[in-house]
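Asks: Next up is a structure, given as structure tokens.
Bear in mind that the values in this text are calculations on the coordinates, not laboratory data. Note that this is a predicted model, so its numbers are computed, not measured. We place every Cβ from the backbone using ideal geometry, glycine too, and count neighbours over all the protein chains shown.
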Ligand SMILES: C[S@@+](CC[C@H](N)C(=O)[O-])C[C@H]1O[C@@H](n2cnc3c(N)ncnc32)[C@H](O)[C@@H]1O
């Protein structure tokens, strides 16, 4: 992230996600699949029941919330939200395909949740909070809009060494001089909430009670290194943006470097299988 002041950083993050939305639309099924153990954990710990009003923050294609929408029928409503309008469009289309009728859509920024105080029963936020420029404020906002007795369930990525699937592609760009090394603590970055104890501390600082943090390890695999690179272009804002500026020859070098760095995870048939680890948390409002 190049921007220093929070407003400029926010604008940069919005722009990145608006640009990434088409790739996320193309890969929505894949994202749903590999995220499903994490979504399942969140739904179980959100303690859903029919009739509840559920808010999903940073919903992207919306699938975690859509699973919740099915569990809160007939009277319950899901508010599916994201800051990027093109992401909301993708979520709207997916909900229509699924014929979900108890879903509202709204553009909402994590740092100022534009809903009334004590107006929702549950909040879900999968792989979104770490993109907030100010996660402390986001969590205080989340607690404000939850009713007494409400619950939050969320997921953020765990430490970089536990997620080689997400670091190898960046490392290849860095080693070939196309990108700066990752600052894992930079606000708005994928690993910004991954330091041990940070998520727990943030939830408690925002006033949440009975905070429970665990890990879930979703499987990450690809048929070939080319598949891995193509998917990363679609889903990683930073990688996709840099890759787009490279020549054909440079792209080949990047793919070669990724193949080299991923060798330990590559099977004789060329398929790849890498570890991934997400932090998951649930708490009472
Ligand atoms: C990694 S995607 C996760 C999407 C979805 N929750 C999932 O698990 O598939 C992150 C999402 O956060 C959204 N986002 C990023 N910054 C945000 C912010 N400040 N407020 C609300 N949403 C934000 C992006 O537009 C994107 O849809």
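Asks: From zero up to wherever the largest Cα-Cα distance of the range 29-92 sits, split into 10 Å bins and tell me the percent of pairs in each.
Replies: 23, 53, 24, 0
Asks: How far is helix 225-235 tilted, in degrees, relative to the longest principal axis of the Cα atoms in the chain, given as a value from 0 to 90 rounded to the nearest 10?
Replies: Computed tilt is about 40 degrees.
Asks: Turning to a different aspect of this structure: Add -39500 (n - 2.57) for each DSSP H run of 4 or more in the chain, then divide by its residues: what number comes out at 222 nm, to the nearest 500 deg cm²/dmol?
Replies: After summing the helix terms and dividing by residue count, I get -14000 deg cm²/dmol.
Asks: Same structure again: Give the order of 130, 42 when sorted by the count of other beta carbons within 10 angstrom, beginning with the fewest. Please list the in-between numbers first.
Replies: Details: 130 23, 42 28.
Arranged by neighbour count, lowest to highest, 130, 42 become 130, 42.
Asks: Sorted from fewest to most neighbouring beta carbons within 10 Å, what does the list 182, 129 look like?
Replies: Final ranking by Cβ density, sparse to dense: 182, 129.
Asks: With equal scatterers on the alpha carbons only and no solvent term, can you work out the Debye log10 of I(q)/I(0) for the range 72-134 at 0.27 1/Å?
Replies: Calculated log10 I(q)/I(0) at the listed q: -1.38.
Asks: Taking 0.36 nm per intervening residue step and subtracting the Cα-Cα distance, what contour gain separates residue 185 from residue 217 on full extension? Please list the in-between numbers first.
Replies: Values: separation 32, 0.36 × 32 = 11.52 nm, distance 2.17 nm.
Length gained between residue 185 and residue 217: 9.3 nm.
Asks: Can you give the angle from 0 to 90° between the axis of helix 248-261 and the longest principal axis of the chain, with both taken from C-alpha atoms, to the nearest 10?
Replies: Long axis of 248-261 versus the principal axis of the chain: about 80 degrees.
Asks: What is the spin-label model distance, in nm, from residue 71 to residue 40 if the labels are put 7 Å beyond Cα along the C-beta direction?
Replies: Calculated label separation equals 1.2 nm.
Asks: Evaluate the distance, in nm, between pseudo-label points positioned 7 Å from the Cα of residue 29 and of residue 92 along their respective Cα→Cβ axes.
Replies: 2.4 nm
Asks: Shifting gears a bit: Based only on other Cβ atoms within 10 Å, what is the fewest-to-most ordering of 228, 14?
Replies: Least to most surrounded, the residues fall as 14, 228.
Asks: Would you kindly state how much longer the chain becomes between residue 137 and residue 246 on full extension, computed as 0.36 nm times their sequence separation minus their alpha carbon distance, in nm to one decimal?
Replies: On the way: separation 109, 0.36 × 109 = 39.24 nm, distance 3.77 nm.
Working it through step by step, the gained length comes to 35.5 nm.
Asks: Going by the alpha-carbon gyration tensor, a ≥ b ≥ c the square roots of its eigenvalues, is the range 1-153 rounded (a/c under 1.5) or, if a/c is not under 1.5, prolate (a/b greater than b/c) versus oblate?
Replies: Verdict is oblate for the range 1-153.
Asks: Could you sort the peptides 155-167, 204-216 by per-residue average Cβ neighbour count (10 Å cutoff), highest mean leading? Kindly include the intermediate steps, with their values, before the conclusion.
Replies: Working: 155-167: 19.5, 204-216: 14.8.
Those peptides, ordered most packed to least, come out 155-167, 204-216.
Asks: Also: Rounding to the nearest 10 and keeping the result within 0 to 90°, find how far the Cα-based axis of helix 85-97 lies from the longest principal axis of the chain.
Replies: Between helix and principal axis, roughly 70 degrees.
Asks: Also, quick follow-up: Starting from the coordinates of the alpha-carbon atoms of the chain, obtain the Kirkwood hydrodynamic radius over all distinct pairs and give the value in Å to one decimal. Intermediate values should be presented prior to the final figure.
Replies: Values: mean 1/r = 0.0518 Å⁻¹.
Computed over Cα pairs of the chain, the Kirkwood hydrodynamic radius comes out at 19.3 Å.
Asks: Let me see the pair-distance distribution of the range 209-285: every alpha carbon pair, 5 Å bin width, integer percents in order.
Replies: 3, 13, 18, 19, 14, 11, 8, 6, 5, 2, 1
Asks: Expected output is a single nm value to one decimal: the length gained when fully extending between residue 47 and residue 7, i.e. 0.36 nm times separation in residues minus the C-alpha distance. What is it?
Replies: Going from the current span to full extension adds 10.8 nm.
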